[in-house]
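Heads up, the thing below is written out as structure tokens.
The values are calculated or read from the model by the stated rules, or taken from the named source; none is laboratory data. Treat the numbers as computed from the prediction; the structure is a model and nothing was measured. When the accessible area is computed, the model is the full protein with side chains, heavy atoms only, and any ligands, DNA or RNA have been set aside. Shrake-Rupley method; radii C 1.70, N 1.55, O 1.52, S 1.80 Å.
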Amino acid sequence: GVTSVDRRAVELLAWPEAERMRAIPLRLHPDDSVSVAVADPTDESLRASLKLALGGHEVRLLVTTQSALRAAWATAYPQR
């Protein structure tokens, strides 16, 4: 699930951006795209903002709950 975190993916997105966009990068794929779990997939500007924040990587959006997102953040950004 969302709790297994790909360190390389997480390192692409700084904590302040992750918090602001309510997102967490989960997986960096061989094709260089990144799976990102978000709490609000209805935000139209989110994919573009994420792509920019991730340094141009294509984004595959996944939907998660706010509580799962918080749990994943605790794992991914322990120093936040």
Which residues qualify? For Ala37, with a placed amide H closer than 5 Å and at least 5 residues away or on another chain, they are Ile24, Leu26, Leu62
The convex hull of the Cα atoms of the chain, divided by residue count, gives a volume in Å³ per residue of 78
Ranked by GNM mean-square fluctuation in the chain (Cα springs under 10 Å), the top entry among Arg20, Arg70, Arg47 is Arg20
Bridge orientation stat for region 22-80 from DSSP, antiparallel percent rounded to 5, came to 50
For the chain, dividing by residue count, accessible area per residue (probe 1.4 Å) in Å² works out to 57
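Between Arg8 and Glu58, what length comes free when the chain is fully extended (0.36 nm per residue of separation minus the Cα-Cα distance, one decimal in nm)?
Separation in residues times 0.36 nm, less the Cα-Cα distance, equals 16.5 nm.
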Using a 1.4 Å probe on heavy atoms of the protein chains only, the accessible area for Glu11 in Å², nearest 10, reads 140
